[in-house]
Structure formats: C-alpha cells, structure tokens
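Here is the structure we will look at, set down as structure tokens.
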Amino acid sequence: MDKMTSRREFLKKCIQVPIGGSVVLGLAACGKDEAAALVCANENLMTASEKSMRQTLKYTETSPDPAKTCKDCAFFKATTGPAGCGTCEMFTGKQANAGGWCVSWSAKT
C-alpha cells in the first residue's frame with residue numbers, strides 16, 4: 001500500500017532543507033580566524049619576480065604552525081596599514097600577512 005504525503009508535510013520538508021543548510025554554513029563560518037582569511041598582498045599588482053619569490057619561499061597566508069607566524073619572524077615589520085598586515089624584508093618590503101609563513105621564517109631575537 002502506497003503512503004501518500006500531504007501537502008503540509010511536503011512544504012515542511014521543503015522549508016527544512018534550506019534552513020538546515022543555512023545553519024550549517026553559519027556555524028562553519030564562526031570557526032574561521034579573521035587574520036588567516038586576510039590577504040594582504042594583491043597578486044594582480046605583483047611583478048612576475050615578486051610572485052616567483054613568494055612561490056620559491058613557499059609563502060602561505062596561514063601558517064601551518066601557530067608558533068611560527070610572520071608576526072614572530074625577524075624579517076616581518078608591522079605597519080599602520082590594514083590590521084594583520086605588515087611588510088617582509090624577504091619580499092623586498094612588500095606586504096605579508098601577520099598570520100602567514102614561509103620557509104625563511106626566523107625567530108625574532
């Protein structure tokens with residue numbers, strides 16, 4: 001015997017799916033670190049040499065090790081620009097994310 005779904009039940013299920021999806025996306029966004037999401041240097045404004053240097057040094061906007069971030073590196077200088085951004089001597093004074101990292105990371109002394 002086939003069970004018929006009422007219009008009311010069908011509409012309830014149609015509303016539950018988008019609401020549930022919105023809740024899941026909202027919760028996922030809550031866990032993101034703002035400094036990690038920040039991109040300080042615009043790749044579209046970089047020369048090929050500057051892009052190559054970042055690739056060679058394996059620069060990432062988010063450090064894989066929270067104990068080794070750009071803000072704790074000897075080459076990083078904080079600026080008065082956007083919060084979380086600074087400049088890096090390894091990138092000839094170009095912008096870098098304070099939460100970033102590269103293979104030239106060196107602890108401040």
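The values are calculated or read from the model by the stated rules, or taken from the named source; none is laboratory data. Since we're looking at a predicted model, the values are computed, not measured. Here the Cβ positions follow ideal geometry from the backbone for every residue, glycine too, while neighbour counts run over all protein chains shown.
Observations
- Within the stretch 64-90, being touching a residue at least 40 places away in the same chain (Cβ under 8 Å) and touching a Phe, Trp or Tyr at 6+ places or on another chain (Cβ under 9 Å) holds for one residue alone: G86.
- Boolean, G99 is assigned to a strand (DSSP E or B), within 15 Å of L38 (Cα to Cα) and of a type outside the set (A, V, I, L, M): no
- All positions within the stretch 67-109 that are among the β-branched types (V, I, T), in contact with a strand residue (DSSP E or B) (Cβ under 7 Å, 6 or more places away or on another chain) and closer than 20 Å to L45 by Cα: T79, T87
- Put simply, of S49, S63, S6, S22 the only residue that is at pLDDT 90 or above and over 19 Å from S106 (Cβ atoms) is S49.
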